[in-house]
Amino acid sequence: MSTRLILIGPPGVGKGTQSALLHARLGLKTMSSGDIFRKEIEAETDLGRMAQRYIQHGELVPNGVTIEMMAKRLRDEDTRKKGFVLDGFPRTDRQAEALDEILFEMDMGLDKVISIEVPEETILHRLAGRMGCTKCGEIYHSRNKPPMREGLCDKCNGPLFVRTDDQPQTILERLRVFKETTEPVIGYYEKTGTLLRVDGSVGPEETYQEILAGITA
Ligand SMILES: [Zn+2]
């Protein structure tokens, strides 16, 4: 059996965990755009060199180059036979259309596009809450490892601080960017009837079982 899936979800939703489970249990090849970029760059292919020029300048790799790299990997014999899980691609509705064209040429279709959904508060709750001691560097977490006295280090009495990356407004900004770019992609697959929405706020195993039920239905 060859199953072809896409995983979509905001940061902190557990895409990596689900993609690893799908690989371990169903033998699907996992393909993230980041991994594919890295491999092409390491192999110093023409595409890799092109991508690297953009990355070096801190720019986004243009659609055309990204799509070419994904197409190359999708045409692999192994990917055709065993199926795949795409993570981090497509990111825009333009990329979703291009992916459809590539698969159409190869006479393949997508089985399901899985949108892992979690309420914003849950993501904030998961990602936020980390604090570090300004004096000794000890790390705390408001739920998992709270200090005995609020805002003070157990070890050295130093004041605790929250890193910029872990601040609620930074997390909210990342979520906003995700929503803005990915909502059209979700809409695109909703129209084609391949969208499967699963609950990412339950445990990883429960989410996996929802995915499994959805793809074998
Ligand atoms: Zn300390």
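Descriptive notes on the structure:
- Within the set 55, 8, the sole residue that is of a type in the set (A, V, I, L, M, F, W, C) and surrounded by fewer than 16 Cβ atoms within 10 Å (Cβ to Cβ) turns out to be 55.
- On inspection, residue 167 qualifies as surrounded by 13 or more Cβ atoms within 10 Å (Cβ to Cβ) and farther than 26 Å from residue 21 by Cα.
- Condition broken by residue 70, with the remaining ones in (1) in contact (Cβ under 8 Å) with a residue 40 or more places away in the chain; (2) under 25 Å from residue 187 (Cα atoms); (3) under 16 Å from the mean Cα position of the chain (by Cα); (4) not in a loop (DSSP other than H, G, I, E, B) satisfied: (1)
- Subset of the range 20-47 that is in a helix (DSSP H, G or I) and in contact with a Leu (Cβ under 6 Å, 6 or more places away or on another chain) - its residue that is surrounded by the most Cβ atoms within 10 Å (Cβ to Cβ): 22
- Failed criterion for residue 61 (all others in (1) in a helix (DSSP H, G or I); (2) surrounded by 14 or more Cβ atoms within 10 Å (Cβ to Cβ) hold): (1)
- Residue in the range 154-174 that is assigned to a strand (DSSP E or B) and in contact with a Leu (Cβ under 8 Å, 6 or more places away or on another chain) present: yes
- Residue in the range 183-202 that is out of contact with any helix residue (DSSP H, G or I) (no Cβ under 8 Å at 6 or more places or on another chain), within 16 Å of the ligand (Cβ to nearest atom) and hydrophobic (A, V, I, L, M, F, W, C) present: no
- Test: residue 86 is in contact with a Phe, Trp or Tyr (Cβ under 9 Å, 6 or more places away or on another chain) and of a type in the set (A, V, I, L, M): no
- Whenever a residue of the range 153-173 is within 16 Å of the ligand (Cβ to nearest atom), its partners that are acidic (Asp, Glu) and outside any strand (DSSP E or B), lying with C-beta atoms within less than 7 angstrom and at least six residues away or across chains, give the pairs 153/138; 155/138.
- Residues of the range 175-211 classified as small (Gly, Ala, Ser) and either closer than 19 Å to residue 121 by Cβ or in contact with a Leu (Cβ under 8 Å, 6 or more places away or on another chain) (or both), total: 3
- Residue within the range 122-140 that is away from the ligand (no atom under 16 Å from the Cβ) and exposed (fewer than 12 other Cβ atoms within 10 Å of the Cβ) present: no
Values quoted throughout were computed directly from the atomic coordinates according to the rules given, and no laboratory measurement underlies them. Because the structure is predicted, anything quoted here is derived from the model rather than measured. We place every Cβ from the backbone using ideal geometry, glycine too, and count neighbours over all the protein chains shown.
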